[in-house]
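Down below is the structure, laid out as structure tokens.
Every number here is computed from the coordinates shown, using simple stated rules; none is lab data. Computed from a predicted model, the values in this text were never measured in an experiment. For neighbour counting, all protein chains shown are included, and Cβ atoms are generated from backbone atoms with ideal geometry for every residue, glycine included.
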Amino acid sequence: MPGPDRLLRPRHLAALAQCPRRLWLEAHRPELARATPHFESAPFDIHELARAQEGTGTRLGPHQSHETALRRTRRILAAGHPGPIFEARFVHEGLLAETDLLTRDPLAPERWRLTAVHRTTKPKPHHVARLAAQMWTLEQCGVPISRAQIRHIAPSFVLETPGEYRGLFTDTDVTASARAQQSDMADRLGEARRIVSGAEPDCPTGPHCRKPAPCPFAAHCQALEDAPEWPVTLLPDGGGRKWARKGVCDLRELDAATMAKPREARIVAATQSGKPYHDTQGARRAMASWSRPRAWLDFETIAASVPLWTGTKPYQQVPFQFSLHLEQTDSTITHHQYLCVDGSDPRPGCAEALARTIPPNATIIAYNAGFERAILRALARQVPAFEAPLMALTERTVDLLPVTRNHWYHRDQRGSWSIKAVLPTIAPDLAYTQLAVQDGAMAQDSFLEASSPATSPERRRALEEALRAYCTRDTWAMVVLARRLAAPQEGSAND
Ligand code: SF4
């Protein structure tokens with residue numbers, strides 16, 4: 001049985017709803033789960049913020065043993081606690097419910113409101129499924145629930161005053177849908193117990209592995225299957241599904257000449273031949289109008305669930321760093337960057353540095369430029385002193401991604417044109433795996449840690465250095481990629 005206390009949690013029932021094998025793996029092999037990249041909105045603990053807004057109450061967790069928490073929960077409920085109660089604990093039939101918040105119903109004080117706190121901007125189906133299991137457990141323990149609700153981030157919240165987070169949360173009543181999931185709860189619990197006490201179920205992978213969310217055990221399950229090295233699922237935009245339905249699993253079984261979409265035909269041909277697709281002339285034509293000076297630009301942003309600076313909303317993208325390789329008319333290149341880790345609002349400094357550094361006649365080049373344009377537009381609105389030059393930059397921003405997508409493919413990209421997939425096929429010595437910060441999620445984590453007053457100066461310097469190295473790699477990668485796209489390549493299929 002799962003865990004040292006041999007109890008099932010509501011998340012185990014949610015796992016069973018996706019697949020019996022997922023339940024078994026969650027219970028016995030949790031270390032095989034691939035973690036979803038995420039960052040915490042340090043220094044904020046979302047549960048602590050939610051508790052603070054409830055006012056005074058009794059907190060039962062987390063610094064006590066499981067048995068003590070159960071005993072204290074029973075004792076204060078029996079004594080008629082007026083609520084709120086934070087982190088109460090209940091067990092019924094081996095199902096453990098660890099609640100975020102219990103409050104007395106003001107209209108019927110003998111009953112309780114059960115609240116789960118999440119950092120999303122709306123309730124998700126798996127939030128409701130877990131709350132339904134909690135609700136069932138509490139009611140089986142004799143605690144009547146009048147309302148089950150998800151307390152989540154209010155998307156319209158704007159931080160007006162530093163540290164003032166009243167209004168950050170909103171509650172959504174999910175009582176009806178939670179109740180609707182309770183009729184077969186005892187059966188599902190029995191089924192879950194049977195599965196976790198047996199051997200690992202043999203479930204083939206399929207569409208259910210992506211619904212309601214991608215399963216974190218996908219790599220484990222796929223490795224156990226006799227999958228081809230180049231599966232048809234590498235075709236972009238779900239293009240492999242129709243072939244899988246026809247029983248064709250391997251890209252090498254397809255005929256490039258009969259593929260309906262040119263991009264799919266290139267993928268099939270490059271995979272079968274092992275030679276990259278490279279249309280040098282097409283790439284040159286696509287980039288011919290990108291006059292110098294050229295500003296190769298990349299932003300790093302943070303989208304904190306709990307806004308960090310006044311005037312910002314939950315999950316608003318705020319740029320804290322940019323890297324810029326500036327290519328002059330004589331083709332010389334200089335590097336420039338901006339990084340703000342002192343905890344202050346990075347937007348004014350970022351706007352000023354962009355306006356000061358990028359020549360007014362430059363072509364701005366980004367990879368997936370819609371993102372950079374959106375950040376420039378938002379900065380123009382939010383830092384009015386630089387509105388005109390920043391808006392002018394958006395109009396001169398071009399995109400290297402479609403040029404790459406239309407004129408280059410190496411089978412090692414495995415169906416992706418992200419710069420991290422393309423770069424190793426062009427310049428293996430520039431792989432991101434050599435860097436301390438390797439992706440956007442790590443950059444956000446590093447930024448938050450570097451900005452924290454609790455971080456030592458030595459650690460902050462190391463984090464700054466890692467962030468600078470990462471963002472610099474992003475823009476230098478574009479320069480190298482564009483040069484390679486425009487250059488003939490020995491052994492390419494086209495030139
Ligand atoms: S990857 Fe698919 S088959 Fe494997 S545990 Fe997850 S849902 Fe089940």
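Could you please report the charge total around residue 471, scoring K, R as +1 and D, E as -1 over all other residues with beta-carbon less than 9 angstrom from its beta-carbon?
Around residue 471, the surrounding residues sum to -1.
Across the chain, the relative contact order, built from alpha-carbon pairs under 8 Å that are at least six residues apart, equals 14 percent. For the range 228-274, the alpha carbon convex hull comes to 65 Å³ per residue, rounded to a whole number. Assign one of three labels to the range 10-196, namely rounded, prolate or oblate, based on the Cα gyration tensor with a ≥ b ≥ c the square roots of its eigenvalues; rounded applies when a/c is under 1.5, prolate when it is not and a/b is larger than b/c, and oblate otherwise. Oblate shape, in that a/c is at least 1.5 and b/c is the bigger or equal ratio. If only the Cβ of Lys and Arg carry +1 and only the Cβ of Asp and Glu carry -1, the dipole of the chain around its Cα centre is close to 900 debye. Dividing the summed -39500 (n - 2.57) terms of all DSSP H runs of n ≥ 4 by the residue count of the chain sets its mean residue ellipticity at 222 nm at -12000 deg cm²/dmol.
In the chain, one over the average inverse separation of all distinct C-alpha pairs is 26.3 Å, which is the Kirkwood hydrodynamic radius.
Which residues make up the longest stretch of the chain clear of trypsin sites (Lys or Arg not before Pro) that lie in a DSSP loop with no more than 11 other Cβ atoms within 10 Å, not counting the sites? Can you show the working numbers first?
Working: sites that count: 6, 166, 246.
Longest run free of exposed loop sites: 247-495.
Loop-resident GluC sites (Glu not before Pro) (DSSP state other than H, G, I, E or B) in the range 159-257 with no more than 12 further Cβ atoms inside 10 Å of their Cβ: 160, 164, 225, 229.
Computed from Cα positions, the angle between helix 440-451 and the longest principal axis of the chain comes to roughly 70 degrees.
For the range 10-196, a simple Cβ point-charge model (Lys and Arg +1, Asp and Glu -1, everything else neutral) yields a dipole of about 380 debye relative to the Cα centre. Other residues lying with their Cβ under 15 Å from the Cβ of residue 420 contribute a combined charge of -3, Lys and Arg counting +1, Asp and Glu -1. Each principal axis of the Cα cloud of the range 143-223 was evaluated for its coordinate range; sorted largest first, these ranges are 54, 38, 21 Å.
Fully extending the segment from residue 431 to residue 193, taken as 0.36 nm per residue of separation minus the present Cα-Cα distance, adds 81.1 nm. Each residue in 371, 322 was given a count of other beta-carbon atoms within 10 angstrom of its own, and listing them fewest first yields 371, 322.
Maximal additional length on extending the residue 170-residue 257 stretch stands at 25.8 nm, based on 0.36 nm per residue less the C-alpha distance.
Electrostatic tally near residue 203: other residues with Cβ closer than 10 Å to its Cβ, Lys and Arg +1, Asp and Glu -1, net 0. Sequence-distant contacts, meaning Cα pairs under 8 Å at least 6 residues apart, place the relative contact order of the range 277-495 at 27 percent. Taking 0.36 nm per residue of separation and subtracting the current Cα-Cα distance, fully stretching the chain between residue 156 and residue 291 would add 44.5 nm. Scattering from the C-alpha atoms of the range 277-495 alone, worked out with Debye: what is log10 I(q)/I(0) at q = 0.11, 0.12, 0.16, 0.17 1/Å? Summing over Cα pairs of the range 277-495 leads to -0.55, -0.66, -1.12, -1.23. Exposure proxy shown here: for 401, 423, the number of other Cβ atoms within 10 Å sets the order, fewest to most, as 401, 423. Each label point was placed 7 Å from the Cα along the Cα-to-Cβ direction; for residue 374 and residue 396 their separation is 2.4 nm.
Within the set 261/420; 122/242; 124/246; 211/246; 211/242, which residue pairs have Cα atoms separated by over 27 Å? Check vs 27 Å cut-off fails for 122/242; 124/246. For 338, 432, the sequence from fewest to most other C-beta atoms within 10 Å is 432, 338.
Here, the range 210-298 has an Rg and a Dmax of 17.9, 52 Å when only alpha carbons are counted.
Ordering 251, 235, 274 by Cα displacement along the dipole of the range 228-274 toward the positive end leaves 235 in first place; charges were set at the Cβ atoms of Lys, Arg (+1) and Asp, Glu (-1).
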